[in-house]
Amino acid sequence: MLRILTIVVLSLAAVGTGFWGYQEHKEKNAILINAENSYQRAFHDLTFGIDRIHDQIGATLAMNTRKSLSPALADVWRLTSEAHSDVGQLPLTLLPFNKTEEFLGSIGDFSYKAAVRDLEKEPLTNEEYAHLKNLHEQSADIQNELRKVQHMVLKNNLRWMDVELALATEKEGTDNTIIDGFKTVEKKSQGYSETNVSTLPGDMNKLDDNHLKKNKAAPISQKEAVEKAKEYVQMKQVNDIKVTKSGKGSDFSFYSIHMTNKDGGEASIDMTRRGGYPLWYIINREVGKPALSLNDANNKAVEFLNRNKMKDLVLYDSTQYDNVGVFTFVGEQDGIRIYPDAVKVKVALDNGQVVGVAANEYLENHHERKLEKPALTESEAEKFINSKVEIQEERLAVIKNDLNKEVLCYEFLGTLGEDTYRILINAKDGTEEQVEKLRRAEPVYDNLL
Amino acid sequence: MRIRPKMKRTAVTIAFVISLVTGSLSIMPEPSHAFSGQVIQKGASGDDVIELQARLQYIGYYKGKIDGVYGWGTYWAVRNFQEAFGLPIDGLVGATTKNKLVKASKYDKSYVKSQIEKGRSFTHYGKQSKQAKNKAGSSGNKPMATSVPPGFSQNDIQLMANAVHGEARGEPYEGQVAVAAVILNRMQSQSFPNTVSGVIFEPRAFTAVADGQIWLTPNETSKRAVLDAINGWDPTGDALYYFNPDTATSAWIWTRPQIKKIGKHIFCN
């Protein structure tokens, strides 16, 4: 009896210990993942921060007035201090990384001093301007090196925990990509002593005046919505259709229609209940090698817009991503570009099919506007621009500013060195509404390593 | 009959001239129809763009890298060329612009290509000398540069693709675009961090991050979904949250106003 009892107790204890051990193991793993995640976050934040610093210094180079230069420099200062704190969170204590930190510090010092100074009375001297230019170039080097490390980290799933281990054990000759990468970044630094996520000029926030909320058109039924969707998307051999209604959290009610066809392609489309306006649609299928040029695809996109009676639009931007072309059209009224009225069209380059449209911004914002005559002439507005910028193109445009108002601007596209800048000058009072460095194509890092 | 010898002489001269012309033609390094038939537009990439950049660099209009992507630098070069040669200034490289350019410049395709393959980036491809600086450029037949949406790097896109794959693989495509759109909506929102990594690694924000699934290798579909979201497709109607009603443990999430359901996820404000 006693023996059986002992066996039971002991085996229970064994099972209990096992369970406890498993729990501990699970907790330990969770904590490890947590620690790894915060390292990863600090690292990716750092590279993102350096990206921003580089772009923002670039933008200050093209600025002219104190009104926009001071806040921009203050922003550089903010970004450098953030990047600095990101460096501090990485397990690099055992790695000499002080030169990079010093570099960040020197950008921070310079931008702070320049930002708090009255630049109206005491504008940047030529030397200071040259220094800023120098910082811009140096930050490009560091950005490039960090991006390479980041690419390796993402490609090979590298762990910061391993870096910590490698550094702690101080094994000579250990091949650790992160450590090597950071050493290169450091070498590059040795020689030297808030983001708007918009693909369009102007601010991305929604205008208060949303036309879809005020839409009073007659509601359509689910059946009608499906018919309209089929006509709009023009998908062949559809074999399954699902329709759902929007929930209560939406600003206005809409139908979501999901179609699949025999070849495994799928199409999703959202359509307003009132009036049945297609908000956006997207087709997912394998797109083969390009058989059309970007220009042919552009014509297909224009054809699509005409067929669906979306009027008063001009091409703003076209970009090829592998096998698809993405085209952004913006509104035009009396020869003035209306940036808030944007439509995006995605065209497959294998057969010219329109595989996606995003028209929500257009539907929300498009209306006949009362456009005021600009108070300034073009040449008056041009005087507000930094004389170092070589102006290539200019036009009138309406943008949303950061106060969420539509304003009429002179839009200047100009070059400074090899970079292109967009400068928006308020047509009423000459305020620099936005100065932005336009990104260049990025090298493919796979080839560089 | 006095005409005859003269004719003979003329015939000989003509034959000689013809042979000279054809001879010199065959010596000439490039055929005049080197470009393909396409109208080259800003945003395009490929061999035609390499040729375009090389030719424009040869006559001093283009000063950037020959990277095969028709970006801003190339655009200004084309426009300035069109202006100087009395063509309509539209940045579109059609038949007329190509012909003018071919006449005005030289393009040694095999030379440029071989330099690119050796991993050199040109700083100058022009009249004085064929110089190439020995600096990392690219290798093989792979593209040297790629278009990225403004404000995002390839690595940002990769990181987002990781998150989308970890969170929404097996969901319909729309659902994957939607997850990417939520990350972007959070970046825009005042109540969340402003960076891709800040949003993704925010503690307790995404389950795939908490359990390590974010480090699974993402497939091409999730990358496509991220690009679509960045380029402006938002299937969620500006949602900031989403959850799986079958596995959600938080009661709070049910109190959020729901916008719509895609696949297994409910998206809300």
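Just a few scattered comments:
- Protection proxy ranking, peptides B:61-69, B:88-96, average beta carbon neighbours within 10 Å, highest first: B:61-69, B:88-96
- All C-alpha pair distances within the stretch A:21-189, sorted into 5 Å bins from zero, spread as 2, 8, 16, 19, 15, 12, 9, 7, 5, 3, 2, 1, 0, 0 percent across the bins.
- Partner chain coverage, peptide B:222-235 - average Cβ within 10 angstrom: 6
- Amide H contacts of A:Ala375 (H built 1.01 Å from N, under 5 Å, at least 5 apart or other chain): A:Lys428
- Amide H partners (placed H, <5 Å) of A:Gln333, local residues excluded: A:Ile338
- Placing R0 at 35 angstrom, the Cβ-Cβ distance between B:Asp211 and B:Ser191 gives a FRET efficiency of 0.90 after rounding to 0.05.
- For the pair A:Asp162 and A:Val302, label points projected 7 Å from Cα toward Cβ lie 5.2 nm apart.
- For A:Glu368, the accessible area of its heavy atoms, probed at 1.4 Å with every protein chain present, is near 150 square angstrom.
- Phi to ³J(HN,Hα) by Karplus 6.51 cos²θ - 1.76 cosθ + 1.60 over the stretch A:143-157, Hz, x for Gly, Pro: 4, 5, 5, 5, 5, 4, 4, 4, 4, 5, 4, 6, 6, 9, 6
- The amide H of B:Tyr242, built 1.01 Å from its N in the peptide plane, has B:Cys268 as neighbours under 5 Å, considering only residues 5 or more places off or on other chains.
- Across the accessible surface of the stretch A:378-438, with the other protein chains kept in place and a 1.4 Å probe, carbon and sulfur atoms take up 43 percent.
- Taking every C-alpha pair closer than 8 Å and separated by at least 6 residues, the mean separation divided by the residue count of the stretch A:378-438 gives a relative contact order of 27 percent.
- Think of chain A as a dipole: +1 on every Lys or Arg Cβ, -1 on every Asp or Glu Cβ, centred on the Cα centre; then among A:Ile107, A:Leu90, A:Ala348, A:Ala348 lies furthest on the positive end.
- Convex hull of Cα atoms in the stretch A:378-438, direction-averaged projection (nm²): 3.9
- Summary of packing: across the peptides B:162-170, A:389-397, A:26-34, A:12-20, the per-residue average of other C-beta atoms within 10 Å ranks them, highest first, as B:162-170, A:389-397, A:26-34, A:12-20.
- Charge dipole (chain A, unit charges on Cβ, about Cα centre) - positive-most of A:Leu10, A:Ile178, A:Gln434: A:Leu10
- Buried accessible area, chains A and B (both chains, 1.4 Å probe, Å² to nearest 100): 6300
- With a 10 Å cut-off around each Cβ of A:36-44, the average count of Cβ atoms from other chains is 5.
- Computed from the alpha carbon positions, the gyration tensor of the stretch A:211-365 leads to an equivalent ellipsoid with semi-axes of 25, 22, 11 Å, biggest first.
- Exposure check, 1.4 Å probe, all protein chains in place: B:Phe206 carries approximately 10 Å² of accessible surface.
- Rounded to whole numbers, the Karplus 3J(HN,Hα) couplings from phi for the stretch A:406-423 are 7, 10, 8, 10, 8, 9, 10, 10, x, 10, 9, x, 8, 9, 10, 10, 10, 10 Hz, using 6.51 cos²θ - 1.76 cosθ + 1.60 with θ = phi - 60°, and x at Gly and Pro.
- Cα gyration tensor, chain A - rounded (a/c under 1.5), prolate or oblate: oblate
- Relative contact order of the stretch A:255-381, taken over Cα pairs closer than 8 Å and 6 or more residues apart, is 21 percent.
- Estimated at 0.36 nm per residue, the fully extended path between A:Asn239 and A:Asn323 surpasses their Cα-Cα distance by 27.6 nm.
- Take each residue of peptide A:272-280, count the partner chain Cβ atoms within 10 Å of its Cβ, and average: the result is 1.
- Note, ³J(HN,Hα) from phi for the stretch A:36-52, Karplus 6.51, -1.76, 1.60, rounded to Hz, x at Gly and Pro: 4, 4, 6, 5, 4, 4, 4, 5, 5, 4, 4, 5, 4, x, 5, 3, 5
- Computed FRET value (nearest 0.05) for A:Lys223 with B:Trp254, which takes r as the C-beta separation and R₀ as 41 Å: 0.85
The values are calculated or read from the model by the stated rules, or taken from the named source; none is laboratory data. Small disclaimer: the values here were computed from a predicted structure and weren't measured. Ideal geometry is used to build each Cβ from the backbone, glycine not excepted, and the neighbour counts take in all protein chains shown. Note: accessible area is taken over every heavy atom of the protein model, side chains too, but ligands, DNA and RNA are not part of it. Shrake-Rupley method; radii C 1.70, N 1.55, O 1.52, S 1.80 Å.
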